[in-house]
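Visitor: Here it is, the structure, as structure tokens.
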């Protein structure tokens, strides 16, 4: 989320730092407004929204279903296998990555 917001801010920053002319003065105002709005939105999404959800959502977590518990078990076994045989991850990963070309 931070990277996406900063990418958008970087797009509008050249409007702020253009050479002074009649058009660039108006574009500067637009660029500053958009950058401030994006950064304020980032601040709210990273601080106030999580805080508000802790205040308003006080429900107990639901128990996991059987298929989710089974899926977690499969994932744990695959992860343990991958950590024991790291070369296998590379041997499988490289051909998969090359096949996407």
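Visitor: Restricting attention to the stretch 21-40, report how many residues are over 20 Å from residue 5 (Cα atoms) and either at pLDDT 90 or above or loosely packed, with under 12 Cβ neighbours inside 10 Å (or both).
Guide: Number of matching residues: 5.
Visitor: I would also like to ask the following. Do we have any residue at all in the stretch 42-60 that's closer than 19 Å to residue 2 by Cβ, at pLDDT 90 or above and touching a helix residue (DSSP H, G or I) at 6+ places or on another chain (Cβ under 7 Å)?
Guide: Scanning the stretch 42-60, I find at least one residue that is closer than 19 Å to residue 2 by Cβ, at pLDDT 90 or above and touching a helix residue (DSSP H, G or I) at 6+ places or on another chain (Cβ under 7 Å), so the answer is yes.
Visitor: Can you find even one residue in the stretch 45-59 that is in contact (Cβ under 8 Å) with a residue 24 or more places away in the chain and surrounded by 11 or more Cβ atoms within 10 Å (Cβ to Cβ)?
Guide: yes
The values are calculated or read from the model by the stated rules, or taken from the named source; none is laboratory data. Remember, it's a predicted structure, so these values are computed and weren't measured experimentally. A quick note on method: Cβ atoms are made from the backbone with ideal geometry, for glycine too, and the neighbour counts reach across all protein chains shown.
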